[in-house]
Amino acid sequence: MRWMYGVVAVSIVAAGFVFFLRAPTSPQQTVIITLTGSGYEPAEVLIAQGTQVIFRTTEPRMFWPASNLHPSHGIYPEFDPKRPLEPSETWAFVFDTVGEWRFHDHLAPYYTGTITVTK
């Protein structure tokens, strides 16, 4: 009789393990990109559609993350806070459009990055 309890317990644990391995992982819903003295970190990000990206800086100067092309930001015009941000500010944007979106700091356009959005 004890061996039956052992078999049942092992079966339950095994079933739970299989379920855990097959359970879908939820995509990360928020990503933080930081502008540092050496550029954006991370400079390349792969996210799921609908993910929020928060931009911030560690630099003591204003910054302005925006989509390419500089200076018009016309490739993904919604991806633009439309003004410089203070060093203490952050700016959040939800990427609803699938694609590869290059971006830059409008005030220092040599700082660049890429956000790839998948379904």
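The values are calculated or read from the model by the stated rules, or taken from the named source; none is laboratory data. Treat the numbers as computed from the prediction; the structure is a model and nothing was measured. A quick note on method: Cβ atoms are made from the backbone with ideal geometry, for glycine too, and the neighbour counts reach across all protein chains shown. We work out accessible area using only protein heavy atoms, side chains counted, and drop any ligands, DNA or RNA first. Shrake-Rupley method; radii C 1.70, N 1.55, O 1.52, S 1.80 Å.
Miscellaneous remarks
- Just so you know, in segment 42-61 the residues that are on the phi < 0 side of the Ramachandran plot and not in a strand (DSSP E or B) include one that is most open to solvent (accessible area, probe 1.4 Å), and it is 60.
- Filtered by the rule that a residue be over 11 Å from residue 111 (Cβ atoms) and at pLDDT below 95, segment 54-74 gives 69, 71, 72, 73, 74.
- Any chance residue 85 is open to solvent by 60 Å² or more (accessible area, probe 1.4 Å) and more than 12 Å from residue 104 (Cα to Cα): no
- Hits in segment 66-109 - residues which are among the aromatic types (Phe, Trp, Tyr) and not in a loop (DSSP other than H, G, I, E, B): 91, 93, 95, 101, 103
- Qualifying residue in segment 20-34 (condition: over 20 Å from residue 97 (Cα atoms) and at pLDDT 85 or above): yes
- Qualifying residue in segment 95-105 (condition: touching a His at 6+ places or on another chain (Cβ under 7 Å) and under 17 Å from residue 36 (Cβ atoms)): yes
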